[in-house]
Amino acid sequence: MHLPDGFLAPQLALALWVATAAIVGFALRRLSASSDEASAAQRPILMGIVGAFIFAAQLFNFPVAAGTSGHLLGGVLAGYLLGPWAGTIVMTTVIGIQALIFQDGGLLALGANIFNMGIIGTLGGALVARSIATALGGSRVATIAAAGAAGWLSVMAGAGVTTLQLGLSGTTDVSIGLPAMLGIHAFIGIGEGLITIAALTFIATTAPDLLTLGAPARASATRRILVGSGISLLVAALAALFASADPDGLQRVALTLGFHTAANTPPFELFPGYTIPGIDSATGTLLIAVVGVGIIFTAILLLSRIAARRGRQ
């Protein structure tokens, strides 16, 4: 659901930039206010690990229907592991770097993309997951299942909101675009839910201390970084080998309904489409993953430490 520039009316894109910036700024303030001395030292590393994993997992496009693929959004996963405010900062960083460095989504449309793919999942998804988990009894199994259900709902909500934005921009007729977007993303949402459940179950059963604030001393910063980076790069390697090359849900709908020609060419290109010119796709994807994981981890680390420093002050 990475909207390119040209799909949204400039006025709407700018309005969503302002709204998203306000929400992200509030998230930063809440994060700095909640950074006590014990968690301030650990949270930046945990946020970096989650951001690196979500970036790597998003490289894996899984087939969902004939000629269509989908990939993880990750908002609910980030919100579950880190809380809604830290999760919002992580998703903002991931989506921002995807647009700036990999030309995945437009710069003018960046506010809309962060809102549709990140904020809806981390804030709305966290509330939905908590409500479902409470209704199911609040056990660990119920909580993880609730996160999976919320993941599916976050994809559907993001697809619906994206379609309304396209309709307001005059890009497509909502009465036609909404059934098409929701129909495809219902299947993509199943993948989102299953990946969310699998990731949380894996962490809960193999390394529960890896992503827990105040965990025992054995979960050192070095161990967390090494294990988190290793898992992220393993996921990226699998993506390089097995990811589908088919267009994603939004691209498929745009091609079917004929508004794909409204997309504008990016003003610059660094690593467009997660590729490196002159290098074959599998090797290039793996190299891009190494670069992206490093950039995202570093950027999140800096942002979260700035928030923690402000909290102490």
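The values are calculated or read from the model by the stated rules, or taken from the named source; none is laboratory data. No experiment lies behind these values; they were computed from the predicted model shown. Note that we place each Cβ from the backbone using ideal geometry, even for glycine, and neighbour counts take in every protein chain shown.
Scan segment 1-59 for residues that are of a type in the set (D, E, K, R), modelled with pLDDT of 85 or more and in contact with a helix residue (DSSP H, G or I) (Cβ under 7 Å, 6 or more places away or on another chain) and the total you get is 1. With respect to (1) surrounded by fewer than 19 Cβ atoms within 10 Å (Cβ to Cβ); (2) part of a helix (DSSP H, G or I), the lone exception for residue 122 is condition (1).
Return a yes/no flag: does segment 117-131 have any residue that is within 13 Å of the chain's Cα centre (by Cα) and farther than 24 Å from residue 187 by Cβ.
Yes, because at least one residue in segment 117-131 is within 13 Å of the chain's Cα centre (by Cα) and farther than 24 Å from residue 187 by Cβ.
The sole residue among 191, 160 that is of a type outside the set (Lys, Arg), part of a helix (DSSP H, G or I) and in contact with a strand residue (DSSP E or B) (Cβ under 9 Å, 6 or more places away or on another chain) is 191. Comparison of 129, 56, 142 shows that the only residue that is crowded, with 24+ Cβ neighbours inside 10 Å and over 21 Å from residue 159 (Cβ atoms) is 56.
Taking interchain pairs and intrachain pairs at least six residues apart, which have beta carbon atoms under 9 angstrom, with the first residue in segment 286-313 and at pLDDT below 80 and the second crowded, with 19+ Cβ neighbours inside 10 Å and not in a helix (DSSP H, G or I)? Taking only residues 6 or more apart or on different chains, the pairs are 304/35; 307/35; 308/35; 309/35; 310/35; 311/35; 312/35.
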